[in-house]
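Down below is the structure, laid out as structure tokens.
The values are calculated or read from the model by the stated rules, or taken from the named source; none is laboratory data. Just so it is clear, the structure is predicted and the values come from calculations on it, not from any experiment. With ideal geometry, Cβ positions are generated from the backbone for all residues, glycine too; neighbour counts draw on all protein chains shown. Please note that ligands, DNA and RNA were not included when accessible areas were found on the heavy atoms of the full protein model with its side chains. Shrake-Rupley method; radii C 1.70, N 1.55, O 1.52, S 1.80 Å.
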Amino acid sequence: MYTGGNARKPSVRILVVRLGAMGDIVHTLPAVASLKHSFPGSHVTWAIAPRWAPLLEGNVYVDRRILFERGGISELLRSRRELRREPFDLAVDFQGLIQSALAASMARPDRIFGFDRSQAREKLAALFYSNCAASSARHVVDRNLDLARAAGASSALRTFPLPQGKPENPLPEGDFVLACPLAGWASKQWPLESYTALAGRLKRDLGVHLVVNGPPASADILGRIEGAQTHVSGIAGLIDATRRAAAVLGVDSGPLHLAAALEKRA
């Protein structure tokens, strides 16, 4: 259903596919904004994994979200029904995986845009695309903008329309440094003892608290960091804490990319 301000038929219906994860979705926001801005009156639908859907709340460049479930057959069939509920003029697969390319194909759009075989994360994904684009850009945000341009975006909007977030647990009243010690890959993580040392130094030298954030399941692990305040939250709580922090410390993972998009000192 079109969710714009009037009942006129949208000029172009666009499907965006970027299922996850946090940092990758953040890096795709400017490209999607550019597509919406370049096609006045268009209707943009974003297929996204349910876990990451809160990142799109209130996004003025996204008219509809499809929660693409990757479980069993019943979940896939439900996702396919949602993808086929309305026709699409074009789809743009920013993920470059076979799975994301299949999601775009399920919707049966007139055209599917994706990265060239040489740049797709899984080369076979390019077999599903009607139009392939190559980018010489170094940063992933710019590569995504290049793909949006290939799909018809005539102007580039370097904007990150993220939600405000909401408090989920107490935070220090004064300045604090926010850290997210955990990452999807253990090889990216800093030893927990280093955060203990950092917490002591921040308090001793600057009088600033260290707050360590993670999902609820990480509470026991984060609790091992002596001298730091543990803050467990979902995405909304993480965004709120990031906005309120004086600075953010992190590894190469979604929370640090989120902080960069919010222009926090890192």
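Some notes on this structure:
- The Rg/Rh ratio for the chain is 1.02, where Rg is the radius of gyration of the alpha carbons and Rh is the Kirkwood radius.
- Dipole orientation for the chain: of the candidates LEU162, ALA53, LEU147, LEU147 has the Cα lying most toward the positive pole (charges on Cβ; Lys, Arg +1; Asp, Glu -1).
- Cut-off under 5 Å, modelled amide H: who pairs with VAL16 long-range: THR45, TRP46, ALA47, VAL92
- Long-range HN-HN contacts of ALA179 with modeled amide H, under 5 Å: VAL211, VAL212, ASN213, LEU249
- Beta bridges by DSSP in the chain, antiparallel share as percent, to the nearest 5: 0 percent
- Springs join every pair of Cα atoms under 10 Å in this Gaussian network model of the chain, and among ARG111, ARG138, ARG243 the largest mean-square fluctuation is at ARG138.
- Over 32 Å apart at the Cα level, from the set LYS188/LYS264; LYS9/LYS166; LYS123/LYS264; LYS9/LYS264; LYS203/LYS264, are LYS9/LYS166; LYS123/LYS264; LYS9/LYS264.
- Principal-axis analysis of the Cα atoms of the chain puts helix 140-150 at an angle of about 10° to the longest axis.
- Label point distance in nm, ARG201-LYS188, each placed 7 Å from Cα along Cα→Cβ: 2.3 nm
- Accessible area expressed per residue, the range 204-266, with surrounding protein chains retained (probe 1.4 Å, Å²): 47 Å²
- Our helix-only sum for the chain, with -39,500 (n - 2.57) per DSSP H run of n ≥ 4 divided by its residues, gives a mean residue ellipticity at 222 nm of -9000 deg cm²/dmol.
- Backbone HN-Hα couplings from phi across the range 177-182 [Karplus 6.51/-1.76/1.60, Hz, Gly and Pro as x]: 9, 9, 10, 10, x, 9
- Length-normalised contact order for the chain - Cα pairs under 8 Å, 6+ apart - percent: 18 percent
- Mean Cβ neighbour count within 10 Å, used as a protection proxy, ranking 92-98, 179-185, 14-20 highest first: 14-20, 92-98, 179-185
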